[in-house]
Amino acid sequence: MKLWAGRFSKEADERVNDFNSSIRFDSRMYKQDIRGSLAHAAMLSETGIISAEDGEKIKEGLLTIYEDIISGKLQFDPDAEDIHMFIEAELTKRIGDAGKRLHTARSRNDQVALDIRLYLRDESYELIEKLKDLIKVLCDMGDMHLDTVMPGYTHLQRAQPVTFAHHLMAYASMLMRDVGRIKDTVKRMNFSPLGACALAGTTYPTDRDMTADILGFDGPTLNSLDSVSDRDFCIELASALSLIMMHLSRFSEEIIAWCSWEFKFIELDDAFSTGSSIMPQKKNPDVAELVRGKTSRVYGDLMSLLTMMKGLSLAYNKDMQEDKEAIFDAIDTVKLCLDTFTPMLSTCRVLKENMRNAAARGFINATDCADYLTKKGVAFRDAYKITGQLVAQCIEKGLTLETLPIEEYKAACPEFDEDIYEKISLEVCVRERKSAGGPAPCEVKRQIAKVREFLMEEL
Ligand code: ARG
């Protein structure tokens, strides 16, 4: 029998029950549901809306339910409509009349809005920790590769010399913004909708500040209609999660390329690679590919949420029950990806020689050659043109700027001297790029120190 059975003359059709029920996916919010109910009951009893005795019974009842769910003694009833109904019905089963008073001055509409906020707040903190673990791995690897020269690319064409540490710290910057975005989402999420009731508040003398306070919110939400019809925080989080996945996907794309014979910049640990069922020689970067693939799921979840909300009149509509599977899937996917991606990265072998060899081909020191002339007073555009012609000569003769004879340099421009060879050596090119944010080892060291400071920050 449904808790709302009073108005109805017959039982709901079996198919409607199954269709309507959300316990399959909302039971994971049982802790938050109980936490919310404990706060609500404390408020009801404090304000005299229910007796202190009933308040006490409810508290004890909820705590035993909590323990029994944790120990496995109490199983979720798959026929229950949702986690809220399940716990309330179980409470009444255990403590009788007092249990029936818990839902005074509350609706499932503010209850569910509360539970999701509590759940997503907890998950957000976990996510931040996981992101920080990955950022830390980037810093540790960065420390070890300050001098590991590699080609920097634009258009996937070798462009200018950077170091592996510099490249890794670019991802650290992206992930720090991701942490910032989640923190930001939590800031707006962290207001309590409890007490908005179904949509129009209540005539009982409730104390919404008190429940907000008990539950660690920054205060109660402002407007009761908005409180129960707002899912912005789900969408904001899904959007932050989509950006995380976009970053992980770009990183995966590079890892996949770096593992190929064409690049061979890194080799993944055997424990984080997979083989082929037919080609015995294969070692595939499946983890990185799956992370890239799963990015689409998270984008899909964001689209589901946005689309689910776009046509809803105020306040609660049952459509909103669809929020949970989408946002839970997005969170689960990002956590799963981070849990596998981080150790995959930290255990990979960096093939410095191959990076250095790739950097030696492709004329990535051409800008430095032009800058050499510019520093001797030649206008940059002229220096650029002269260097371009030298590169063309090199290509024709199968040489590099390092092996081009000094006579050829001098013929192109009398400002060239023997020291050009030192100035265009890749190590010098990197070392001299010490502009703020650049790849020079001393500069990347400073970047890493900044990132480590960020990791120390409180939530
Ligand atoms: N299971 C519902 C959900 O997730 C709870 C709220 C139900 N409210 C209602 N008025 N039917 O949205």
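Numbers for the structure displayed
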{"item": "Test: residue in the stretch 319-335 that is under 26 Å from PRO151 (Cβ atoms) and of a type in the set (S, T, N, Q)", "result": "no"}
{"item": "In the stretch 307-320, residue farthest from the ligand (Cβ to nearest atom) [restricted to those that are among the polar types (S, T, N, Q) and either open to solvent by less than 70 Å² (accessible area, probe 1.4 Å) or not in a loop (DSSP other than H, G, I, E, B) (or both)]", "result": "THR307"}
{"item": "SER304 vs. criteria surrounded by 15 or more Cβ atoms within 10 Å (Cβ to Cβ) and within 16 Å of the ligand (Cβ to nearest atom)", "result": "yes"}
{"item": "Cβ pairs under 8 Å, 6+ apart, first in the stretch 99-121 and among the basic types (Lys, Arg), second within 13 Å of the ligand (Cβ to nearest atom) and assigned to a helix (DSSP H, G or I)", "result": "ARG108/HIS84; ARG108/MET85"}
{"item": "Out of ASP332, ASP339, ASP323, sole residue that is within 16 Å of the ligand (Cβ to nearest atom), under 30 Å from ASP122 (Cβ atoms) and not β-branched (Val, Ile, Thr)", "result": "ASP323"}
{"item": "Helices (runs of 4 or more DSSP H) fully within the stretch 52-148 counting 3 or more residues that are open to solvent by 20 Å² or more (accessible area, probe 1.4 Å), away from the ligand (no atom under 16 Å from the Cβ) and modelled with pLDDT under 95", "result": "none"}
{"item": "Sole exception among (1) assigned to a helix (DSSP H, G or I); (2) touching a Gly at 6+ places or on another chain (Cβ under 9 Å); (3) free of Cβ contacts under 8 Å to residues at least 40 places away in the same chain for ALA172, by number", "result": "(3)"}
{"item": "Residue, most open to solvent (accessible area, probe 1.4 Å), within the stretch 241-279, restricted to residues that are in a loop (DSSP other than H, G, I, E, B) and among the charged types (D, E, K, R)", "result": "GLU262"}
{"item": "Neighbours by Cβ (under 6 Å, 6+ apart or cross-chain): first from the stretch 241-266, closer than 20 Å to ILE182 by Cα; second charged (D, E, K, R) and open to solvent by 10 Å² or more (accessible area, probe 1.4 Å)", "result": "SER249/ARG292"}
{"item": "Options ASP218, ASP213, ASP230: the member that is in contact with a Gly (Cβ under 9 Å, 6 or more places away or on another chain) and either more than 25 Å from CYS337 (Cα to Cα) or surrounded by 22 or more Cβ atoms within 10 Å (Cβ to Cβ) (or both)", "result": "ASP213"}
{"item": "In the stretch 6-36, residue farthest from LYS324 (Cα to Cα) [restricted to those that are away from the ligand (no atom under 14 Å from the Cβ) and assigned to a helix (DSSP H, G or I)]", "result": "GLY6"}
{"item": "Filtered residues of the stretch 327-358 (kept if open to solvent by 40 Å² or more (accessible area, probe 1.4 Å), among the polar types (S, T, N, Q) and either closer than 16 Å to ALA238 by Cβ or part of a helix (DSSP H, G or I) (or both))", "result": "THR340, SER346, ASN354, ASN357"}
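Results for (1) under 17 Å from the mean Cα position of the chain (by Cα); (2) without any contact (Cβ under 8 Å) to a residue 60 or more places away in the chain, shown as yes or no for each residue.
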| site | (1), (2) |
| --- | --- |
| LEU131 | yes, no |
| LEU134 | yes, no |
| LEU138 | yes, no |
| ASP143 | no, no |
| ASP147 | no, no |
| PRO151 | no, no |
| THR154 | no, yes |
| ARG181 | yes, no |
| ALA196 | no, no |
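The values are calculated or read from the model by the stated rules, or taken from the named source; none is laboratory data. Quantities reported herein were computed from a predicted structural model and do not represent experimental measurements. Glycine also receives a Cβ, built like all others from the backbone with ideal geometry; neighbour counts cover every protein chain displayed. Please note that ligands, DNA and RNA were not included when accessible areas were found on the heavy atoms of the full protein model with its side chains. Shrake-Rupley method; radii C 1.70, N 1.55, O 1.52, S 1.80 Å.
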